[in-house]
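Read-outs throughout are calculated quantities, based only on the coordinates presented, and are distinct from any laboratory measurement. This one's a predicted model, so the numbers in the text were calculated from it and none came from an experiment. All Cβ positions, glycine included, derive from the backbone under ideal geometry; neighbour counts span all protein chains shown.
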Amino acid sequence: MYSKTRLAILVLLISVLACTTSGEVPPATETAEVVSQSNTSVPTEAAPQATPIVEHKTKPGEIPEIQSGVVGDQDSSLTADQNRAPGGDRFTFTRFERPFNSEAMDIYFPAIDIQGAIFYEDAQWLYSEITLKNNEDASFVLNGKYGFEIDLNVDGGGDLLVLASNPSVNEWSTTGVEVWEDSNNDVGGQTPTVTDNVLPAGDGFETRLFGGSDSPDPDLAWARVSPNDPHVVQIAVKRDVLAGDTTYLVGMWSGTEDLDPALFDINDHFAHEQAGTSMTELEYFYPIKEVSELDNTCRMAVGFQPSGNEPGLCPLPPPPGGNAPEDPGCPTQYLVCQNVSQIAVVIVCYCNQP
Ligand SMILES: [Ca+2]
Ligand SMILES: [Ca+2]
Ligand SMILES: [Ca+2]
Ligand SMILES: [Ca+2]
């Protein structure tokens, strides 16, 4: 009675440990540049609430050439005219595919429909590059929140959340960028990445490390619209947030109001009946209700070779001639993988589990 579920998954391509070079980023003591947070280089004369000038000492450069991870995600435009997602919305496993309005699901939001993402590292920064749906509409704007969640100790519970709201310019900017931490370790509840039976009263990501007026480091995180593609948002955060860790999981998010640091894990904060689903196959829960206008991806392993059992991990492709490792999110018999690149081995796995 169920139709096919497709989890579009790309797999870690190349693990790049903190790499290279000596001269990429000038030391903080050199040539401090002053950048207004409001992107106005000259304060206007009659601005009663002028944005404070923030002295920035370091900001990200160009995206590194070598990626540390790549992930795909469902394209909900394919079934948007049927007021449903094509797959990938598995609430109990913290997987969302619902770039639609609540209840009616008759408004599709291409600007929050993640198509794929790439993660990069260099000596000073972590970068995510999230591609939203190009709907061939000249009025397209990135008017949502975009970000990534880092699970440092690979236990399934997110530890850091980087969010950028309404990125609008092609220059790196700190405007609208926030970094949140789960200091008391309650994100994920008792069983991280899986809905808890008893909803815990957690406070999600409760500690804001960046984005307020009191940020200790005014250069911690940045975002911009890709200079090459208006459907792509690029976000950078200093790798200082990792506190020296080099092995972690990272997953991507987009959304509007429900992409709220205080609501994590969203599938512990809401019951499935409250949240609904975007998939008509799950008729008891369809349509989406209190959790809407939201999309995310599975998690990439960065800095290590995953075993396949890491919580929230994108399904691994089977080794040549072999079977894929058991994955509770996608039993082996439902895993379909293919190479989608002409120039490299880029394996995409779909989960056809009903
Ligand atoms: Ca998704
Ligand atoms: Ca999507
Ligand atoms: Ca964790
Ligand atoms: Ca917390």
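Assorted remarks:
- Rg ratio (alpha-carbon, reference 2.2 N^0.38 Å) - the range 152-240: 1.26
- Lysines with Cα under 27 Å of residue 289, excluding same-chain neighbours fewer than 8 positions away: 4, 133, 145
- Cross-link reach list, aspartates and glutamates versus residue 57, counting only Cα pairs under 16 Å and skipping chain neighbours closer than eight places: 24, 30, 33, 171, 217, 219, 240
- Seen from every direction in turn and averaged, the convex hull around the alpha carbons of the range 204-315 projects onto 9.8 nm².
- Segment residue 104-residue 283, extension gain: residue separation times 0.36 nm, minus the distance between their alpha carbons: 63.0 nm
- For the range 137-157 versus the range 234-297, the gap between their alpha-carbon centres in whole angstrom: 9
- Listed residues 58, 87, 115: farthest to the positive end of the dipole of the range 50-117 (Cβ charges): 58
- Nonlocal amide H pairs with residue 56, under 5 Å, H built at 1.01 Å: 35
- Computed over the range 142-193, the alpha-carbon pair-distance distribution with 10 angstrom bins reads 24, 42, 24, 9, 0, each value a whole percent.
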